[in-house]
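All of the numbers you see were taken from the coordinates with simple rules; none came from a lab. None of these values were measured; they are calculated from a predicted model. Cβ: placed from backbone, ideal geometry, glycine included. Neighbour counts: every protein chain shown.
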Amino acid sequence: MNFSRFFILRPVFTSMFVLIILLIGSVALSRLSIDLVPDVALPTLTITTPYTGAGPEEIEELISRPIEEAVASAPGVEEITSASREGNSQVRVTFAFGSDLNEASNELRERIDRIINRLPADADRPRLFKFDVASFPIVILGVESDLDPIQTRLLIDSDIKNRLERVPGVASMDALGGLSREIQVDLDFAKILALKIPFDQILKQIDAANLQLPAGSVEQAHQDILVRTSGQFKDLSELENTVVALRQGVPVQLGQIAKIRDTSQKMTSLVRVNGKAGIRLAIRKQAGTNTVEVARKVIAEVEKINQEQQQIQLPVLVDTSSFIKRSLQNVATAVLLGGLLSILILFIFLRNLKTTLVIATAIPVSIIATFILMYFAGFTLNTISLGALALGIGMLVDSAIVVLENIYRNREEGLSAQEAAITGSRQVGSAILSSTLTTVAVFLPLIFVRGVSGVTYQQLAIIVSFSLFCSLVIALTLVPMLTALVLRRGKTRQKITRNASLDQLDRAYRHFLSSALNQRFWILPGVFLLLLATLPLAPLIPVEFMPQADEGEIRVNGEMEPGIRLAVLEKQFHKIEAIVRKEVPEAVHVLTELGATGFGGGDASNKGQLRIYLKPQNQRKRSGLLIATQLRKKLSGIAGVKLRVQPSSAFFVFRLINNTSDARIQVEVKGFDLQSADRLSREVADKIEAVKGAADIRINRDSGSPEAGLIVDRQKAGALGVNIDSLGRALQTAISGSLATTTYREAGKEFRIRVKIAGADRHPVEDLLQLPVSTTQSKLIPLANFVSTERTNGPVMIERKDQERVITVSAEADGRPLAEVQADIQSALKDLNLPRDFSVSLAGDIEEQQKSFRELMIGLVLSLLLVYMILAAQYESFLDPFVVMFSVPLAAIGVILTLFLTKTSFNLQTFIGAIMLGGIVVNNAILLVDQINQLRREEHLPLRKAVEEAGFRRLRPILMTTLTTVLGLLPLAIGLGEGSEAQAPLARTVIGGLSSSTLLTLIIVPLVYYSLEKTREKKPAPAHAEEIQDA
């Protein structure tokens, strides 16, 4: 059966079929969401349990550990990590990829419910959260205003927040920095002591005097009149006049023992925008929405706000959609340039515009058809999916080239246009089907690869495979139909126009192949020696997990000694900002976040982060990596601050799948004893610091801030009739202040009321323990009767991994390849004297790299086996596929040389390129072997003549398909523009491997085929075969 015959005889049907595909594909393209990376459903659930007042060790023992034990045996759990901080437990459960997170969530909830009685009664109920890539901000705004800082923050919270959150697609807006209004009741320490007024009584009286309760309704005439007690404070004078106690029958008003201040909340964080105090606004989008579209609407709303609000301006600091648009535009340009270069090569070979356009139709039709799959599969238009189309751009015309060239050959032999199209497409149909199947076969194992590599490249595998199938269909339907029309309307014996250079190349190749057949016993070992000669270059190629991508952002993380006040940290960051302004002229905006900003967790008053947003890549000479490297050296002289300088990468999301840290080098120290672990982690840090090229070394567990531990004698407190809840509230009020349960209302807005000791942070803890607390018998007893103090330095946070305590020592590579630095660190750590029950191991990128490379190696082996099986099934032979597979190791020569000469690292992208080569490089060998077999079977040519004739006939199709693929990938390989770093290693790998394999395949495959067939001919026929022939 000839598949193409139906479409050749029905040109109108074929044309309408293609137009329908183009129409539906165009609509699908207009509906595709746009994002930077695929919408990844990360198999991670986080269990958060607040427990106010408990220290890290208590949190670990009472909450984190029981929850870990409960969820450890849940189906699909691969890793459990936890972080126990003061007042909070966070347990992170990672499942196998492909797990149903809804089912996993239900399973974890059931297991937590079983152990809920084992958790402290006064701890909050555990809450379950899913990790979502969409939770990262898509737009970050600054705030510039001449208003009072409190009024500025009030305007943001009451007006701007609502306007921005009403924008379609926006999930939330978070504000950081500025001053929030708060009513503070500063109690006079001496008067409280003298009058012996307990804190809980003051708080109760404030709440009781600030209530509005319905009293019911009364009937009056024909109406029901609602009665409401209006007891809310109308102004602060009413709060001052609130009676909080009676002493000797005389009422004690709040204003007599406290000063009421209309002020702001205590500053625990600070934000600076371009060197000035400001506010940062982070806009987050809803899951599944179009990032570019949502960002566009947000910025449009911001422009309206800037026009309408004269007293406040919102400059756009970060617009992730800009980087996404530039990245996609660069990849789209690479697709366009690759397509044009491929068409140019076709025209050079064919020397005929009509035939060139016939083949070129395969490119747009296949790409637009692929958009239909992307739409219905729920894919987004991102750097991976668009890069997949760019990778396949040159291969989309391969099948069409072979079909057209064979149709013209049949036309030259005297067949009519229609017969030539039918016969020509039939003759090469099985060959191009095998070529497409072998190319697609190498992508099939990627669909089953687990881990980050599977998540990243499943879309790439599906899109490339589908586009190649579309190009196969076009090559067997539209191309023969159009070719028949072109030939019918052209000359009677229309030929593919040849020029003298190509004819000379044909003759030179035929002569060389004939000579090579005579010298095959020298050439074959020579090529093998060439392969061996390139292998020593392989260890010189740097190895890393992900390629570095320039996203136009540099982050400077700073950390001082625990317990340092925020003002001291701010002073040091002023110095950092000054150096950045001088050394980074490429900076557009500089955003500084200090204190409890979410960086470091907990209070973190000793930590800060400076984010430098750079000009677009085409407007600066230095890369983000070079700027970070040079800035790191300039910042090394700032005393008292541990700094880490690193460029932000577009691949940071994939590191978050398995790591909480974005550092590429991590060493995990596992063991229970805190003191031994701290000592060992410092030894590890010292050894890493001695390694050349290691920089930004950091230990993730702080030694602990100075603490005055309050030890409660529970038996004495119980005997005196003091419950722990009252005791805790009293201590909280005395030291940090307590919030009244009611709020102060003004103009429809609510403000917190905080009751605290005036200047409590300047009073010794021992003095504060003289304050009274109420007993159950309404007596007043000083706190010092059952509370004592102890000076300690407790850990700020305790981390665990797979139910073991762990400390992570992180670092970055600076000036040396990552793999070399990691190898030297691993060598240096062998000399460690480990305490009993302790272990030290490398983690971070190298751990995920080993997992991913192991999965991809399995995928590579499976893909090559699939290729061999497909060929064996087609040829009905075990030997012919072996000849074809000879072209695969030849690709290694080009891969190694290309990576070495272009200084490209061997990374996840490079490995994917190597897997792709397994299916691409065999296509040329398939054409050769298939043609040889056809000539021997149908034209009965002798072996040597068939080999020489097949090489002559298939030279130009092989050169055309190779050059179209290589030039189609060339724009990606050059790596110009933002986002190009993602695909450049893959493109360079394919170009290098395909180039060397093609040049050598044209020689080696005919020689191997000829040698094996000659060997088989020399073998004597089996006796039973001779008897059959005689019969």
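Key figures for this structure:
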| quantity | calculated |
| --- | --- |
| Distant alpha-carbon pairs in the stretch 550-648 (separation over 17 angstrom), percent | 47 percent |
| Viscosity 1.306 mPa s, temperature 10 °C, Stokes-Einstein D of the chain from Kirkwood C-alpha radius, µm²/s | 47 µm²/s |
| Alpha carbon centroid spacing (whole Å) that separates the stretch 365-428 from the stretch 75-95 | 50 Å |
| Least to most buried among Phe900, Phe443, Phe521 (fewest other Cβ within 10 Å first) | Phe521, Phe900, Phe443 |
| Asn162 paired with Glu583, simple spin-label distance in nm, labels 7 Å along Cα-to-beta-carbon | 4.7 nm |
| Per residue convex hull volume, Cα atoms of the stretch 764-837, in Å³ | 233 Å³ |
| Cβ-derived FRET efficiency at R0 51 Å, Lys851 paired with Glu240, nearest 0.05 | 0.20 |
| Burial ordering of Glu182, Glu812, fewest other beta-carbon atoms within 10 Å first | Glu182, Glu812 |
| Length gained when the stretch Lys716-Gln201 is fully extended (0.36 nm per residue, less Cα-Cα span) | 183.2 nm |
| At most 15 other Cβ within 10 Å, DSSP loop - GluC sites (Glu not before Pro), the stretch 888-973 | Glu939 |
| Theoretical ellipticity at 222 nm over the chain - DSSP helices of four or more residues, -39500 (n - 2.57) apiece, nearest 500 | -16500 deg cm²/dmol |
| Neighbour-count ranking [beta-carbon atoms within 10 angstrom, fewest first] of Thr741, Thr152, Thr733 | Thr741, Thr152, Thr733 |
| Quarter of Cα convex hull surface for the stretch 144-256, i.e. mean projection, nm² | 13.9 nm² |
| FRET efficiency, Arg682 to Arg109 (Cβ-Cβ, R0 35 Å, nearest 0.05) | 0.30 |
| Rounded to 5, the percent of DSSP beta bridges in the chain classed as antiparallel | 95 percent |
| Contact order relative to length of the chain, as percent, for alpha carbon pairs under 8 angstrom and 6 or more apart | 17 percent |
| Gain on full stretching of the segment that runs from Ala500 to Ser839 - 0.36 nm per residue minus C-alpha separation | 114.9 nm |
| Euclidean distance of C-alpha centroids, the stretch 910-983 and the stretch 662-684, integer Å | 52 Å |
| Neighbour-limited loop hits for trypsin sites (Lys or Arg not before Pro), the stretch 826-884 (at most 13 other Cβ within 10 Å; DSSP other than H, G, I, E, B) | Arg836 |
| Positive minus negative residues near Leu195 (Lys, Arg vs Asp, Glu; Cβ under 12 Å) | +2 |
| Cα-only radius of gyration and Dmax that characterise the stretch 44-131, units Å | 12.3, 39 |
| Cβ-derived FRET efficiency at R0 22 Å, Arg1016 paired with Phe952, nearest 0.05 | 0.40 |
| Lys, Arg +1 and Asp, Glu -1 on Cβ, resulting dipole of the stretch 44-131 about Cα centre, debye, nearest 20 | 220 debye |
| Potential extension, Lys191-Phe882 segment - 0.36 nm per residue separation minus Cα distance | 239.1 nm |
| Rounded to the nearest 20 debye, dipole of the chain from Cβ charges on Lys, Arg, Asp, Glu | 2900 debye |
| Formal net charge of residues neighbouring Asp880 (Cβ-Cβ distance under 13 Å; K, R +1; D, E -1) | 0 |
| Virtual spin-label span in nm between Gln309 and Gln232, 7 Å along Cα→Cβ | 2.4 nm |
| Computed label-point distance, nm, for sites Arg125 and Leu625 using a 7 Å Cα→Cβ extension | 5.0 nm |
